[in-house]
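*Asks:* One structure, pasted below without further comment.
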Amino acid sequence: MSVTRSSSTGTPLSIKVVSIDQPTSSSSSHGNNDVFDQHNKPRLRRELILSALQKEYPEAVSIISLSPRKDVDLINLYRRVHDVKMIEFILNAWTKWAAMGKDGGWYEECCHPEWLKNKEDCKDNTTVPPMVPCHVAFRRDGIERPSDNVMGALGFYCTDLMTPIVGTLVDELMGDAQIIEAAVNFAFQKTIVGGTEESSVERFFPVVYAVTTHPGHHANRDNFGGYCYLNNAALSAKLMQERLESLNCTSANSEPPNKKRKCRVAILDVDYHCGNGTASIFYRDPDIFFSSIHCDPGVEYPFNAGYEDQTGAEDGKGSTHHIPLAPGATWDGTYKNAIKNAMNAILAYDVSGLVVSLGLDTYEGDSVAVNRGGFKLKGLDYFEIGKCMGTFLKGKNIPILFVQEGGYKMDVVGEAAAHVVGGFAIGAGGD
């Protein structure tokens, strides 16, 4: 299926995709980092999504492949949503860890278990092993602090044993930051919509998709985990909000914001797992509305967040909107209504911009989700998801950005991504 149709005004639909020209999963230095986990292969996922978009929608998709830079200031960029000390830790952890090995300082417990399966000894000095925590801090005590020892600090900041520090991580995170900054800028580009000069109007670019390497929605202000390091959706929302403020934004309902509040931005998270990091970052923020459709946390990771009664706190009360679904959810059974519920809530919050955290691990048989049941979405269900979202936003002149999250069924992840953004383009365009 190729998106060659036009909107009802005769204007060709278009999808702008932003990614980075970094080594792929087949490259030796990066490919090795995709074998440490039997499920998570983020470099391969990026590659498959880009390939599928080009194949499915050749006349509609414009892929902007950025050249990697080494001077990206991750601290000043992500401090909008993360603790500076955590960002500094991520930037320096690999160098400190690699240096420890030279003196025989690596603890085997801090070496990624998948790596250990293929090595006789963690202290094999020919290869620096990927690093995971070997302990966790008593964070709720409020008296512990990150150690100067990199192994101790990792246990302070990382929430699990499956989100490793690897040698290519910082370069990849810099690439992701470039993607997010560029994608937000593209989302604010104006395009002329209309069949004739008399009927044409200037609107924000219809569909922009940031295909990052790493997901981010499980990273909160001062913790990371769940395959996530820095929260790209949260950063996108803040950058979008700042840009809207500079433009004296109007909402999706074509109304200027109340002078007593900032321009409001919504984040819709459709990953199988609740975006607990994003929810945490904005839990007290009345101007970022977060809606998440996910598996019931009483059954599934992240277990401790994503409940329906977690609706925000203090000034942000009512700005968090969790829609937990039972395992086995299908499009016609419960997911369609969940999407409609989320979109109605977003529009009711009178937002001026939208970020979609696009997780694709809702696919039937996804390897990360299937152990606890998973959802049963498949095939053209993803086209319907995108089309449903787009239909709600038809005629709403607001910036919209899709940001890549999870998805682990590699034989279908690219097709599913392409169906969502293609369906959205058609729904929002009016065909």
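*Asks:* Within the set of pairs 6+ apart or on separate chains, which have a first residue in segment 63-76 that is over 9 Å from Met174 (Cβ atoms), a second that is open to solvent by 70 Å² or more (accessible area, probe 1.4 Å) and of a type outside the set (Ser, Thr, Tyr), and C-beta atoms under 9 Å apart?
*Replies:* Taking only residues 6 or more apart or on different chains, the pairs are Ile63/Gln54; Ser65/Asp21; Leu66/Asp21; Ser67/Asp21; Ile75/Glu88.
*Asks:* On to the next question. Regarding Gly298, is this residue at pLDDT 95 or above and exposed (fewer than 15 other Cβ atoms within 10 Å of the Cβ)?
*Replies:* Answer is yes for this residue.
*Asks:* Restricting attention to segment 81-106, which residues are in a loop (DSSP other than H, G, I, E, B) and open to solvent by 80 Å² or more (accessible area, probe 1.4 Å)?
*Replies:* Asp103
*Asks:* Another question, if that's okay. Filter segment 45-79 for residues that are of a type in the set (Gly, Ala, Ser) and buried (at least 21 other Cβ atoms within 10 Å of the Cβ) and give the result.
*Replies:* Hit for segment 45-79 is Ala60, nothing else.
*Asks:* Filter segment 126-165 down to the residues that are open to solvent by 10 Å² or more (accessible area, probe 1.4 Å) and among the β-branched types (Val, Ile, Thr), then identify the one that is nearest to the chain's Cα centre (by Cα).
*Replies:* Residue satisfying both the conditions and the ranking: Thr159.
*Asks:* Can you pull out the residues in segment 237-261 that are open to solvent by 50 Å² or more (accessible area, probe 1.4 Å), at pLDDT 85 or above and not polar (S, T, N, Q)?
*Replies:* Answer for segment 237-261, where residues must be open to solvent by 50 Å² or more (accessible area, probe 1.4 Å), at pLDDT 85 or above and not polar (S, T, N, Q): Glu242, Arg243, Glu245, Leu247.
*Asks:* Moving on. If I ask for residues that are of a type in the set (Val, Ile, Thr), closer than 20 Å to Arg45 by Cα and in a loop (DSSP other than H, G, I, E, B), which ones from segment 336-378 would you list?
*Replies:* Passing the criteria: Thr362, Val368.
*Asks:* Another question, then. Looking only at segment 379-391, which residues are out of contact with any His (no Cβ under 7 Å at 6 or more places or on another chain) and outside any loop (DSSP other than H, G, I, E, B)?
*Replies:* Of everything in segment 379-391, those that are out of contact with any His (no Cβ under 7 Å at 6 or more places or on another chain) and outside any loop (DSSP other than H, G, I, E, B) turn out to be Asp381, Glu384, Ile385, Lys387, Cys388, Met389, Gly390, Thr391.
*Asks:* Still on this structure, please answer the following. Given the options Leu380, Leu401, Leu393, name the one that is of a type outside the set (Gly, Ala, Ser), over 20 Å from the mean Cα position of the chain (by Cα) and either under 20 Å from Thr250 (Cα atoms) or crowded, with 21+ Cβ neighbours inside 10 Å (or both).
*Replies:* Step by step, each of Leu380, Leu401, Leu393 is checked, and only Leu393 is of a type outside the set (Gly, Ala, Ser), over 20 Å from the mean Cα position of the chain (by Cα) and either under 20 Å from Thr250 (Cα atoms) or crowded, with 21+ Cβ neighbours inside 10 Å (or both).
The values are calculated or read from the model by the stated rules, or taken from the named source; none is laboratory data. None of these values were measured; they are calculated from a predicted model. FYI the Cβ positions are ideal-geometry reconstructions off the backbone, even for glycines, and counts take in every protein chain you see. Just so you know, the surface numbers come from the protein's heavy atoms only, side chains and all, with ligands and any DNA or RNA stripped out. Shrake-Rupley method; radii C 1.70, N 1.55, O 1.52, S 1.80 Å.
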